[in-house]
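S.K.: The following block contains the structure, expressed as structure tokens.
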Amino acid sequence: MIKRAIAIILDGLRRDFVQPAITPTLTGLLDTGTWFDAHRSAIPSVTRVCASTFATGNMPARHRLEGNTVALLENGRFAVHDVGVPGFFEHKRAVTGKTLSTPTLAEITRDAGGVQVFSNVSPGAAYAHDPDGFGHVYHRAGCFGPGRVPLRDENISSILPDADGERRLTEAFVRTLSRPCRSAVAVLWLSEPDFSQHYVPLGSPAHIKAVQAADANVALAIEAVQRLRDEGEDVLLFVGSDHGHQTVGAVIDVEREVAGAGFGDALEAGTLVIVPNGTAVLFYATENFHPRVADLVGFLRIQPWAGELYAERDLRHVGHTNIDGLIVFLSLASVDDEVNEFGVPGKSFAAKPPAGKAEHLGFGQHGGLGKYEQSPFLIASGSAFRPGTMCRENTDLADIAPSILHHLGLPIGTMTGRPLQHLVENDPSERK
Ligand SMILES: [Zn+2]
């Protein structure tokens with residue numbers, strides 16, 4: 001029997017918004033598979049890190065993409081880079097010798113049916129699935145086949161992350177699934193509801209409308225999956241999100257605060273670099289700054305806007321490493337039960353982004369360890385996942401790649417994640 005794995009990601013959809021009245025397709029899908037009730041995002045909970053974690057089955061300490069915005073040590077100084085731009089991974093390879101440091105699903109499956117990714121988020125997040133060009137990536141900024149050979153696709157190049165674009169990308173994905181030469185792994189990564197959530201209040205009519213439209217796109221894709229199953233294929237289907245959102249209650253200029261605390265000289269000299277990632281902040285430093293890390297941490301820990309903080313060797317507790325110059329991961333403070341004007345819980349401080357970027361005050365944001373940004377949803381259907389079951393074990397985005405490889409009968413190697421099939425085997429899953 002032909003085995004295939006299909007993953008559909010609705011960027012940014014919080015688990016608590018999966019409700020019959022808003023997402024009838026998703027709640028209907030629960031009857032056919034397993035709901036993961038304690039599923040978590042990557043850290044930071046930002047899309048480009050999530051895509052890298054999804055593609056490699058590893059956390060940033062291994063795949064080495066630690067933010068949506070990162071700093072790379074170049075000629076003795078840190079240079080800050082937006083990972084979302086099309087050329088980021090080529091630049092990272094030129095500077096560090098690597099794009100991602102562990103193999104992607106596209107590389108691992110290249111001789112076993114390969115990967116096709118349809119993404120409507122940023123170019124960097126799309127190319128994180130396959131930065132070295134083993135499979136096929138379809139994105140408006142450029143479509144690529146094996147060897148990173150550009151593919152001309154006029155249809156895809158005009159697709160925007162709006163309602164019309166989301167539907168057109170879903171249709172292109174569905175057409176691919178109906179072709180005889182379809183790949184072993186197919187991924188559809190839609191930009192909604194994340195895109196809307198950044199610009200309207202969570203729970204507002206405009207937000208609910210975006211979630212409903214995303215749910216309707218999933219319905220279209222699920223019909224295509226059903227046709228494959230009707231043809232006798234053994235399809236493992238994942239439908240989930242990469243992270244949730246918190247409401248931004250206040251915006252903090254972390255760099256200004258740190259400069260005011262006596263670290264202005266280090267920021268000026270470039271020995272300390274502060275890189276905002278939504279509701280999280282990454283701090284990088286050169287060797288010269290290391291004697292002052294304890295003072296910096298001491299200052300940060302007592303700030304009302306600071307939440308969980310991990311420094312130096314403790315970075316490993318959140319899946320990071322300090323070998324590329326990262327010294328501190330800071331999640332900004334969040335209040336789980338504080339609601340916005342639509343009664344949606346979860347407020348956070350957000351870090352003031354670089355000049356020219358939107359602050360999203362009163363709207364959705366993510367990046368940190370707040371309860372709701374760390375509550376994406378995940379449903380698995382097919383394979384070992386029994387209909388109408390729920391798994392309460394802790395799972396996260398890194399578990400999807402090994403689950404896909406397990407389904408395809410391919411070796412998993414060393415990954416942070418583990419096959420969810422093993423987890424549900426041992427877990428007395430309950431009906432939801
Ligand atoms: Zn995302």
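The values are calculated or read from the model by the stated rules, or taken from the named source; none is laboratory data. What you are looking at is a predicted structure, and each value in this text was computed from that prediction instead of being measured. Virtual Cβ from ideal backbone geometry, glycine too; neighbours counted across all protein chains shown. Note: areas computed on protein heavy atoms with side chains; ligands, DNA, RNA excluded. Shrake-Rupley method; radii C 1.70, N 1.55, O 1.52, S 1.80 Å.
S.K.: Which of the GluC sites (Glu not before Pro) found in region 353-396 are loop residues per DSSP with 16 or fewer other Cβ atoms within 10 Å of their Cβ?
M.R.: Numbers: sites: GLU359, GLU373, GLU393; in loops: GLU359, GLU373.
Loop-located and lightly packed - GLU359.
S.K.: Identify, among PHE134, ALA269, PHE36, the residue whose Cα sits farthest towards the positive end of the charge dipole of the chain, taking +1 on the Cβ of Lys and Arg and -1 on the Cβ of Asp and Glu, with the dipole about the Cα centre.
M.R.: With unit charges placed on the Cβ atoms, the residue in question is PHE134.
S.K.: If you place +1 on the Cβ of every Lys and Arg, -1 on the Cβ of every Asp and Glu, and leave all else neutral, what size is the dipole of region 1-92 about its Cα centre, to the nearest 20 Debye? Walk me through the numbers on the way to the answer.
M.R.: Working: 10 positive and 8 negative charges, 52 e Å.
In total the dipole reaches around 260 debye.
S.K.: Tally Lys/Arg at +1 and Asp/Glu at -1 over every other residue whose Cβ is under 15 Å from the Cβ of LEU220; what's the total?
M.R.: So the environment of LEU220 carries a net charge of -2.
S.K.: Now for a separate question. Could you give the length gained by full extension between GLU154 and ASP82, i.e. 0.36 nm per residue of separation minus their alpha carbon distance, to one decimal place? Walk me through the intermediate numbers first.
M.R.: Numbers: separation 72, 0.36 × 72 = 25.92 nm, distance 2.63 nm.
Difference between extended and current length: 23.3 nm.
S.K.: Moving on. Could you tell me how far the Cα centroid of region 259-285 sits from the Cα centroid of region 117-172, in Å?
M.R.: First find each Cα centre; the distance between them is then 34 Å.
S.K.: 7 Å from Cα along Cα→Cβ at both ASN75 and GLU90: what's the point-to-point distance in nm?
M.R.: Modelled inter-label distance: 2.0 nm.
S.K.: About the Cα centre of the chain, what is the dipole size in debye to 20, counting +1 per Lys and Arg Cβ and -1 per Asp and Glu Cβ, all else neutral? Let's see the in-between values first.
M.R.: Numbers: 38 positive and 50 negative charges, 152 e Å.
So the magnitude is around 740 debye.
S.K.: Next question. Which whole-number value in Å² is the accessible area per residue of the chain, probe 1.4 Å? Could you put the intermediate results ahead of the total?
M.R.: Working: 16410 Å² over 432 residues.
Result: 38 Å² per residue.
S.K.: Full extension from ASN288 to GLN19: what is 0.36 nm times the residue separation minus their Cα-Cα distance, to one decimal in nm?
M.R.: Details: separation 269, 0.36 × 269 = 96.84 nm, distance 5.19 nm.
Additional length available on full extension: 91.6 nm.
S.K.: Of the accessible area of region 247-365, with the probe set at 1.4 angstrom, what percent is carbon plus sulfur?
M.R.: On the way: 2660 of 5350 Å².
Percent of accessible area from carbon and sulfur atoms in region 247-365: 50.
S.K.: Between region 41-56 and region 322-355, how many Å separate their Cα centres?
M.R.: 16 Å
S.K.: Then there is this: How large a share of the accessible area of region 86-206, in percent, is made up of carbon and sulfur atoms when the probe is 1.4 Å and the other protein chains stay in place? Working shown, then result.
M.R.: Working: 2630 of 4700 Å².
Answer for region 86-206 is 56 percent, counting heavy atoms of protein chains only.
S.K.: Another question, then. Of all chymotrypsin sites (Phe, Trp or Tyr not before Pro) in region 310-396, which ones are in loop regions per DSSP and have a Cβ with at most 14 other Cβ atoms within 10 Å? Mind showing how you got there, number by number?
M.R.: On the way: sites: TYR310, PHE329, PHE342, PHE349, PHE363, TYR372, PHE377, PHE385; in loops: PHE342, PHE363, TYR372, PHE377.
When the chymotrypsin sites (Phe, Trp or Tyr not before Pro) of region 310-396 are filtered for loop state and at most 14 Cβ neighbours within 10 Å, PHE342 remain.
S.K.: Right, another one. Once the Cβ-Cβ distance between LEU267 and PHE342 is put in as r, and R0 is 51 Å, what FRET efficiency do you end up with, to the nearest 0.05?
M.R.: On the way: r = 38 Å, r/R0 = 0.75.
The computed FRET efficiency comes out at 0.85.
S.K.: A further question follows. Under a 10 Å cutoff between Cα atoms, tell me which one of SER241, SER122, SER331 has the largest fluctuation in the Gaussian network model of the chain.
M.R.: SER122
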